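Q: This structure is in C-alpha cells; I'll ask about it shortly.
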Amino acid sequence: MSNSAIDISLLGRTYSIACPKGQEDALRSIAKGVEQQLTNLKARTNNLSREELAIMAALNIGYELHEEQQKNKQYMAQMDERISLLQSTLENSLVERTKED
C-alpha cells in the first residue's frame with residue numbers, strides 16, 4: 001500500500017505528513033484532536049514554548065491512551081471470566097444430559 005502526503009496544521013504551522021492511502025481522514029481527525037490539546041494547553045499556560053506544549057500534549061494523550069488500555073484489559077478479563085462461566089455451564093449441562101440418557 002502506498003503513502004500519500006497530507007497537510008495538517010498545528011499551532012499555526014503546516015506540516016506535510018506521509019499517510020497510507022485510505023487513512024487520510026483518520027490522520028486528519030487525530031491532528032484535530034492534537035490541535036485541540038495544544039490550543040487548550042496554550043490557553044492555560046501562555047509561557048510554554050512550542051516544544052514544551054508538544055511534550056505536555058504528548059503526555060496528556062499518552063495518559064488517555066494508558067487509561068483506555070487499562071479499561072480494555074479489564075473488559076477482556078471480564079469477557080474471559082464470562083466465557084469460562086458459559087463453557088462450564090454448557091459442559092455441566094451436557095454431562096447432566098448424558099446422565100439422563
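The values are calculated or read from the model by the stated rules, or taken from the named source; none is laboratory data. These numbers come from a predicted model, not from an experiment. Don't worry about glycine lacking a Cβ; one is built from the backbone with ideal geometry, like all the others, and counts go over all protein chains shown. Note: accessible area is taken over every heavy atom of the protein model, side chains too, but ligands, DNA and RNA are not part of it. Shrake-Rupley method; radii C 1.70, N 1.55, O 1.52, S 1.80 Å.
Q: Can you pull out every residue in the stretch 71-97 that is of a type in the set (Ser, Thr, Tyr) and open to solvent by less than 100 Å² (accessible area, probe 1.4 Å)?
A: Within the stretch 71-97, 84, 88, 89, 93 qualify.
Q: While we're here: So in the stretch 12-50, with the set limited to residues that are aliphatic (A, V, I, L, M) and over 23 Å from the mean Cα position of the chain (by Cα), which one is surrounded by the most Cβ atoms within 10 Å (Cβ to Cβ)?
A: Of everything passing the filter in the stretch 12-50, 48 is surrounded by the most Cβ atoms within 10 Å (Cβ to Cβ).
Q: Does residue 99 qualify as being in contact (Cβ under 8 Å) with a residue 12 or more places away in the chain, charged (D, E, K, R) and out of contact with any Lys or Arg (no Cβ under 9 Å at 6 or more places or on another chain)?
A: no
Q: Continuing with the same structure: Please specify each residue of the stretch 12-41 satisfying the condition of being among the aliphatic types (A, V, I, L, M) and in contact with a Ser or Thr (Cβ under 9 Å, 6 or more places away or on another chain).
A: Across the stretch 12-41, the qualifying residues are 18, 31.
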